[in-house]
Structures are given as C-alpha cells and as structure tokens.
Amino acid sequence: MNNRPLPRVSADQIQTYLQMKNWVSDGAIGRVATVWHRNDSYDAEVVLPLSLKVKDYDQRLKDALVSLAAYEQREIIDVADDIVGAAVNLVAVRVIGQDTSDGSIPIDDGVLLIRKAKELFYAAAMAVYSKRRQFSGVPPKDAKEYMDSLLLGQTEIGSYVVKIIAPIHPIPASSDEGHSDSSLTELVAHSLVAGLSALTEASGRYQLSNDLGTFERAVALGASANMCDALLGFSGKDRTRGFEIKVSAPSGPLFVRDTKTFSFGSSDVETLELASSYYKNDYVLLNREIMGSVKHLHRPQVDEVGTITVQTVVGESERSVQIQLGPEDYHLGVLAHDRKLIVRCRGDVHVKSRTARLLNPRDFEIVELPTLL
C-alpha cells in the first residue's frame, strides 16, 4: 500500500484518460455529471462530475478514481499518477558529477542548467515547423505560447535532477506538418526524441568515421546547433559533467506512453562542440585534399607570398577555397590559372558560412592531365 497523498487530478484530466483508454460516454446526468462505460465490460462504470458547483465535488472525483482503479485492478494512487502523466510531457535532466552526488549544484551551473533546458524545448519546438541547422529569432505564436506554458517541476536528489513539465495544448493552426490528430505538446515531444536520437546516432558514427558530414543527415530529423548548445550547457560552464535526459510523453498518435532515455558522458562533450560548430558553418576538416581550378589570384606588390582561390568541392558543397602560397607555389598557381589547369593541395580546411580557407597548406602541385584520366 502506497501512503503518498493523491496527486491533484481535474475532471478534464480524468476525461482525457477515459477517452485514451477507450471508455465510452453514455451521456450526462443533467448538468452535474457524465456517465462512462466500456464495451468490453458491462459492469464497469465511471461517473464524472461536470461542475465545481456539484455538492462534494472532490469526493465525486475520488469516487471516479476508485471506479477506475477497481476496473484496472490497481492502487488508486497509481491510476492518479498515470492520469496526471497522461496530460503532460515531462523532461527530466539529470546532471552526473562527483560535485552533484549530494543533490546540490554550484549556483552558476544550476542557473545555466535551467536556461539550457528551456533552450532545448525551443530547439525541439522550432524543428516542428522547419528543419534547420540553426534557429534564431522569435518562434511562431503557437510555439511561443507553448514555451511560456512550460513549468519547472520539483528537483530530485540523485545527482542533480530538474524536471520541465509541458501541459497539453491545442494543435497549432499554422503547422503544415499534417499531424491533424496530435497536440503541439506531442509534436514537440516527438521532435525532441527524434532530434536527440538522430544526434546520438550521428555522434556515434562520427566517433568511428571522423566525418562531420554524418551530422548533416541528423538535421532532417530535428538536430540543430541550438540542440547541441543546450546539451553542452547541461555539462556545466566548465563542460566536465555527464548528463542524462528522460523524455516521458503522453500517449497519442505519435507515442505509446513511454520514457526515452538519452545519456551523454563527459567524453561526448567534445563531439557535441564539433557538431554545434558544424551546424553554425564554422568548422575545420583536418588533413583534406582539395583539387580544382584557380579562379582568382592576389599578391601585394611588396610581398612574395600570394593567395589563390580554388573552385572545388568540400563535403557535398561547391566552395571557393583560399590558399596562401610561397613564391614558388604561387608561381605554379599563376601558371595553372593562365593555362586553365587543375591544381591539388593538402591541408586543413576551415569552413565558415561565406568563406573557406586551407590552413597548413602542403604538397601543392599542378595535376598532370594523365592523372585525371
């Protein structure tokens, strides 16, 4: 027998639960209550009060819980917990570190943790409307209302745990995703789980392949720089702690009620930093070979060092890559430009949103025509 007090449950929450569990409304008793039955059990009945003006309203709600618990053959408090849980999306973030094992956390990291938890919801909510590498600006009206409705639950001991509660909200009128039977809460929960799953899988593939391109495919599933930055915040301002995220979503067309858990060790932080930089178009590809035509030359009159711009492909995109060369290699660059020949060079490619530059260039050469055949 559980001696915990019953959580507060509203008539609307019980009605949502009844509908979710395939109970059928058999009409109202005047304006005071509705009566619910089941097609698979003739004796099962729940009488749900409609109005706070009903005498002994709280007792009538408890009677409804008793009827449900009797049908499900469970304790009342377990049924009440499920009813409350069926109406919200719950995200718990557990920070794992020696300095948080007693249930406390340095105040700066605690403030950062809560701020980043909200940013994680922002990333998931924005990904409902469009999939992007990075989000900025004010969210759509429905998403903003959803963000404003988030509640901070009571913290738990067990390392350091914070809970964010998202009540169920109506379907966004502006959503073009076509999920006509889903609430925004469920859509965001689905977006959050899909994005975290994709980011986790991409991180694993990157650690095996050292290919940043693995993160590109995760964008289509909801991963973004915002999601990475939110996760990095959970590791603390010094980025030394591991953390765990549990997402408990209400049942619906996209979810059977379940809890998804995502764990990130302190060793995963560096990978998240790389993913964030990649999504922001500010990253370095180590030890790459580029090959292409010389489209631009530049060398100041008083300088022996010059810069050539090579049109090439980096990853899956066409890029203009600048390479700074010494006198001899720059002369080869001029020769390749004038004769429209292909050049090749190795180095570390620093890619930004509008520019790309080859760092530590080496082995620059003109590619002989037979080599290309």
* Shape parameters for the stretch 27-93, alpha-carbon atoms, Rg then Dmax in Å -> 13.7, 46
* Which of K21/K163; K116/K144; K295/K340; K116/K280 have a Cα-Cα distance over 20 Å? -> K21/K163
* Structure fact -> Filtered hits (lysines, Cα-Cα < 24 Å from K53, offset >= 8 within chain) -> K62
* **Straight-distance crosslink candidates among aspartates and glutamates, where the alpha carbon sits under 14 Å from K131 and sequence neighbours closer than 8 are dropped** => D176, E177, E216
* **Charge tally in the Cβ shell below 10 Å around V93, where Lys, Arg are +1 and Asp, Glu are -1, V93 excluded** => +3
* Once mean projected area of the Cα convex hull in nm² is worked out from the coordinates, which option in [x] 19.8; [y] 27.3; [z] 20.8 does it equal? -> [y]
* For a paramagnetic label modelled at 7 Å from the Cα of D108 toward its Cβ, which residues of the stretch 218-238 fall within the zone defined by backbone nitrogen distances under 11 Å? -> 237-238
* Over 24 Å [Cα-Cα, the stretch 1-155], rounded percent -> 54
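Which FRET efficiency value, to the nearest 0.05, do you get for A69 and F262 by plugging their Cβ-Cβ distance into 1/(1 + (r/R0)^6) with R0 = 30 Å?
It comes out at approximately 0.35.
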* Calculate how steeply helix 184-209 sits against the longest principal axis of the alpha-carbon atoms of the chain, using the helix alpha-carbon long axis, and give the answer as 0 to 90 degrees to the nearest 10. => 40
* Asked: Against the longest principal axis of the chain, how steep is helix 76-85, in degrees 0 to 90 to the nearest 10, with axes from Cα atoms?
  -> 40
* **Extended-chain gain in nm, criterion 0.36 nm per residue less alpha-carbon gap, Q207 and A220** => 2.7 nm
* Counting each DSSP H run of 4 or more residues in the chain as -39500 (n - 2.57), what helix-only mean residue ellipticity at 222 nm follows after dividing by all residues, to the nearest 500 deg cm²/dmol? -> -11500 deg cm²/dmol
* To do: Run the quick spin-label model on D40 and K21: label points 7 Å from Cα toward the beta carbon, then report their separation in nm to one decimal.
  => 1.2
* Structure fact -> By the Kirkwood definition, with r running over pairs of different Cα atoms, the stretch 294-353 has a hydrodynamic radius in Å of 12.1
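Every number here is computed from the coordinates shown, using simple stated rules; none is lab data. Given the structure is predicted, the values throughout are model-derived calculations rather than measurements. We place every Cβ from the backbone using ideal geometry, glycine too, and count neighbours over all the protein chains shown.
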